[in-house]
1. Give the residue that is farthest from L105 (Cα to Cα), with candidates limited to residues of region 121-133 that are part of a helix (DSSP H, G or I) and open to solvent by 50 Å² or more (accessible area, probe 1.4 Å).
2. Taking the condition of being surrounded by 22 or more Cβ atoms within 10 Å (Cβ to Cβ) and not acidic (D, E), how many residues in region 47-78 meet it?
3. Among the residues of region 307-316, is any at pLDDT below 95, open to solvent by less than 40 Å² (accessible area, probe 1.4 Å) and on the phi > 0 side of the Ramachandran plot?
4. For the list (1) under 19 Å from N122 (Cβ atoms); (2) open to solvent by 20 Å² or more (accessible area, probe 1.4 Å); (3) modelled with pLDDT under 75; (4) not basic (K, R), I need the number of the one condition that N243 fails.
5. Give region 2-27 a look and list any residue that's assigned to a loop (DSSP other than H, G, I, E, B), open to solvent by 40 Å² or more (accessible area, probe 1.4 Å) and at negative phi, or say none.
6. Could you tell me whether T137 is in contact (Cβ under 8 Å) with a residue 60 or more places away in the chain, among the β-branched types (V, I, T) and within 12 Å of L24 (Cα to Cα)?
7. Residues in region 173-184 that are open to solvent by less than 20 Å² (accessible area, probe 1.4 Å) and either under 21 Å from the mean Cα position of the chain (by Cα) or free of Cβ contacts under 8 Å to residues at least 40 places away in the same chain (or both): how many?
8. Among the candidates N30, N37, which residue alone is modelled with pLDDT under 95, open to solvent by 50 Å² or more (accessible area, probe 1.4 Å) and polar (S, T, N, Q)?
Amino acid sequence: MKLTDKYNRVHNYLRLSVTDRCNLRCNYCNPKGISLNHSDKIEILTFGEIERIVRIFVEYFEFKKVRLTGGEPFARKDIFRLVHNLGEIKKEIPYELSATSNGILINGRIAELIQSGVDRINFSLDTFKRNRYFEITGADSLFTAINSIMQAIEINPEKVKLNMVVMKGINDDELIDFVDFAINNNVSVRFIEYMPFSNNGYDKNLLMNYNEMITKISGKYNLIRDSGDTESVSKDYYVENNNGKISFITSITEHFCNTCNRLRVTSDGKLKLCLFSLKDNDLDIKALIRRGASDNEIAEEITYFIGNKNEMHDTFENLIQLKSSSMITVGG
């Protein structure tokens, strides 16, 4: 059955965090290196629990997409074993398996990752400049990240997306460079508005809104709106007479809550109805599993829980004040 909330939004996309660990310390996500106080072997979901959750969503609720997130998902030990097992589920119940990564830990293993069952990879990359990359991430790993991206493009550029968090005065001067990259490599680039989270010291002066991005890019390129994907939460464009696709994630200035089709499961097994929902309002799927609930019982709890989803997330002013919403623990 389809998982539908009281606003008639059908949910068919699961973003599943496999770890809250990351090998980078990006200033818009986790600048202080904050991590949950837990043991990987005890508190976060086991591979078996993750596989069971995926089966429930794709079998009971007909989910079409599952995306592995983190933290950095490939920072988790033996993650390729999990990817393989999830790939085996796809043989029984077809769905799209994708992953979001900074690319560093999968350099040289892209082909293996795709052979294991990953259909698409979204790479997080906010600059092409080495010094700036270090300033944003705390690591001198730009070339490693780009190598991974180019390996994926060589296999299939249509399965590759670049995610760039745009910050005014920090990397907004590279918007055209990223559009050029999309054109030259026939890939999709997504520009993401800088979002407030409780541990990123949010400065609203760094926010470059969607219209400002469009204006800057339009100084060189003519962008044509693509309205083909009705389930997309992004604003998608083609560059006239060129390859590549340009998209904008406008969570802050033009929310897309009315078309939201996604749910999130954190690495410690909490089901979240929204990227910005408070952890006190989450459903603890891990607790249900570990106390012996059946798949039917878990599915019933999820069906009831979806009724709590709000029509839209809180206002920008209130989001800035959140104290318990950390990107690295939510799962992006």
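1. N131
2. Residues flagged as surrounded by 22 or more Cβ atoms within 10 Å (Cβ to Cβ) and not acidic (D, E) within region 47-78 amount to 15.
3. No.
4. (3)
5. Those that are assigned to a loop (DSSP other than H, G, I, E, B), open to solvent by 40 Å² or more (accessible area, probe 1.4 Å) and at negative phi: K2, K6, Y7, R21, N23, R25, N27.
6. Taking the combined requirement at face value, the residue satisfies it.
7. 4
8. N37
The values are calculated or read from the model by the stated rules, or taken from the named source; none is laboratory data. Quick caveat, the model's predicted, so the values are computed rather than measured. So basically every Cβ, Gly included, is an ideal-geometry build from the backbone, and we count neighbours across all protein chains shown. Heavy atoms of the whole protein, side chains included, go into the accessibility calculation; ligands, DNA and RNA do not. Shrake-Rupley method; radii C 1.70, N 1.55, O 1.52, S 1.80 Å.
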